[in-house]
1. Looking at 35, 67, 51, which is the one that is touching a helix residue (DSSP H, G or I) at 6+ places or on another chain (Cβ under 7 Å), assigned to a helix (DSSP H, G or I) and at pLDDT below 90?
2. Starting from residues that are in a helix (DSSP H, G or I) and within 18 Å of residue 139 (Cβ to Cβ), keep the ones in region 1-32 and report whichever is modelled with the lowest pLDDT.
3. Of the numbered conditions (1) surrounded by 21 or more Cβ atoms within 10 Å (Cβ to Cβ); (2) within 17 Å of the chain's Cα centre (by Cα), residue 50 satisfies every one except a single condition; which is it?
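The values are calculated or read from the model by the stated rules, or taken from the named source; none is laboratory data. These figures come from a predicted structure and were not determined experimentally. Neighbour counts are summed over all protein chains in view; Cβ atoms, including those assigned to glycine, are modelled from backbone coordinates with ideal geometry.
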């Protein structure tokens, strides 16, 4: 639940933010210094502030996951929008498409692979972040289980917790890959196996 909530908030904020930064020069020039300053700060470094702001429990953990997940989504979306084919955009203009149609029907499709990549990378970082946050700022979860098992030298529980984290992360990645495959069938023809 924590990873889903933090990841969901990051997707809801990160994709529009990345589109704005990739499409509008003023948005990029205003937001890029902020993103570039906050991005290198590890999610773990935010834990003391998260605890001060939200206390212990779900909220600080969701915030840590949100912070860890947000930046890969924003940057990959931004690069996907910037990397949209200029030739396709010009063809659409010649054929009479409006700026809104170009954004919705050309740039969104061109950026989608980068958006999915950002989501996949962000989801992985979200899982790493949840473990760190649960070890410090939560009273339940796999990270909490691993820390509790460590104190009683229950190596099997530590390994089981680690394995569960890996399996759930793998399952989440499979879901994102299936979304990618479903919405990007046109791209599969371009890939040689």
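1. 51
2. The extreme case among them is 2.
3. Unmet for residue 50, out of (1) surrounded by 21 or more Cβ atoms within 10 Å (Cβ to Cβ); (2) within 17 Å of the chain's Cα centre (by Cα): (2).
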